[in-house]
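> Below: one structure in structure tokens.
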Amino acid sequence: MAATLEVSCPKCGKQLKVPAELEGKRVRCKDCQEIFPVKKGKPAAKAPPPPPEEPRSPFLDEDDDDNLPPGQAPKPMGVIAEDDIPRCPHCAKELDPPDAAVCKNCGFNNKTRIKSETKRVIAANATDWTSHLAPGIIAAILAIGLVVLDIVCAVNMREWMEGGMLESDEVDMTGRKKMYVAPGAFIAFITAATLVVIVPAVRFAIRRLIVNFKPEEKVKK
């Protein structure tokens, strides 16, 4: 009978028996699927010859070695061939490239030791882009229009007020008639009123068109 070693899984603690020739190689635990190297352990006690195998119950879990009938040997452990190829410590798949920080297969980060969450999303179509960007474009147009309005008012306010009820009979040093209310007061009032709309409109346009210009992802169900 071939010599065996008793080893303990470093993750779940299950006691396993492996052939002695696998010492120094890596094996996979049948319970938790952890991959670990076989270190030198104590030889397993030789069991007496097993009695004749009894029929196995159809209701017994084939992977539950603790519930095996007396005398029935557990399934042999799967052995991974030893090689020099770097593998992901989470899924044991080959890393591509060998020094990859994140495994392409399962998303495990080899630096932070955290598995990234993956999800399947639906690509945005023309309708999604239009509905997402249209409010930002409208906000930008509104802000630009109000700025133009402020400039036009600042340039033409006095001309609009001439001949009106706010015009006085007195003249100033330049020979123009004085106003009961200075044109600058109306310009300041209109500018302040438009700024209430311009500032939030500009902020919204920047967030929607520059910072978060991509439509929200739709997760596949």
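> In the neighborhood of Arg208, defined by Cβ-to-Cβ distances under 15 Å, what is the net charge if each Lys or Arg adds +1 and each Asp or Glu adds -1?
Residues close to Arg208 contribute a combined charge of +1.
> Taking 1 over the mean of 1/r across every pair of different Cα atoms in region 117-221, what Kirkwood radius in Å do you get?
17.4 Å
> Could you please rank Ile138, Ile35, Ile151, Ile85, placing first whichever residue has the fewest other Cβ atoms within 10 Å of its Cβ?
Starting with the residue having the fewest Cβ neighbours, the order is Ile85, Ile151, Ile138, Ile35.
Where a number appears in this text, it was derived from the coordinates with a stated rule and is not lab data. As the structure is a computational prediction, the values presented were derived from the model and not from experiment. Note: ideal-geometry Cβ built from the backbone for every residue, glycine included; neighbour counts use all protein chains shown.
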